[in-house]
Amino acid sequence: MLPSAGWEAVIVLCDEIIMLEDAKTKLLEFLKSMMHVVAPNTAALVGASVCAKLIAAAGSLLDLSRTPACNI
């Protein structure tokens, strides 16, 4: 059994995990809305988060558009 202080630390960490999960959800919703504005076709094909990762890996949307399909 954990002492009282140990349980309090666990509860605090659980609260932080819940807050981080909420922040992640909000960021993913924002990302989804932005990807449908910035790159709607790519976001429709591969999803908003993969679209953002592709753009980040290429360096920019323009660089992604110049990348041959066989390299993606």
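Observations, loosely collected:
- Each residue of segment 15-20 was assigned a 3J(HN,Hα) from its phi angle through the Karplus curve 6.51 cos²θ - 1.76 cosθ + 1.60 (θ = phi - 60°); the sequence is 4, 5, 5, 5, 5, 5 Hz, with glycine and proline shown as x.
- Sorted by Cβ neighbour density within 10 Å, fewest at the top, the residues C70, C51: C70, C51
- Selection among C70, V10, A48 by position relative to the dipole of the chain gives C70 as farthest towards the positive end (Cβ unit charges, Cα centre).
- Computed over the chain, the P(r) curve from all C-alpha pair distances, binned at 5 Å from the origin, holds 3, 15, 17, 16, 10, 8, 8, 7, 7, 5, 4, 1 percent per bin.
- Lys, Arg +1 and Asp, Glu -1 on Cβ, resulting dipole of the chain about Cα centre, debye, nearest 20: 480 debye
- Estimated 222 nm signal from helices in the chain, with DSSP H stretches of n ≥ 4 weighted -39500 (n - 2.57), rounded to 500: -26500 deg cm²/dmol
- Across the chain, Cα pairs under 8 Å and at least six residues apart give a relative contact order of 16 percent.
- Residue order, fewest to most beta carbons within 10 Å, for M1, M34: M1, M34
- For T25, T42, order by how many other beta-carbon atoms lie within 10 Å, fewest first: T25, T42
- Between helix 48-58 and the chain: long-axis angle, C-alpha atoms, 0 to 90°, nearest 10: 70 degrees
Here, each number is a calculation from the coordinates, and none is a lab measurement. Keep in mind that what you see is a predicted model, and the values were worked out from it rather than measured. No Cβ is skipped: glycine too gets one built from the backbone with ideal geometry, and neighbour counts run over all protein chains shown.
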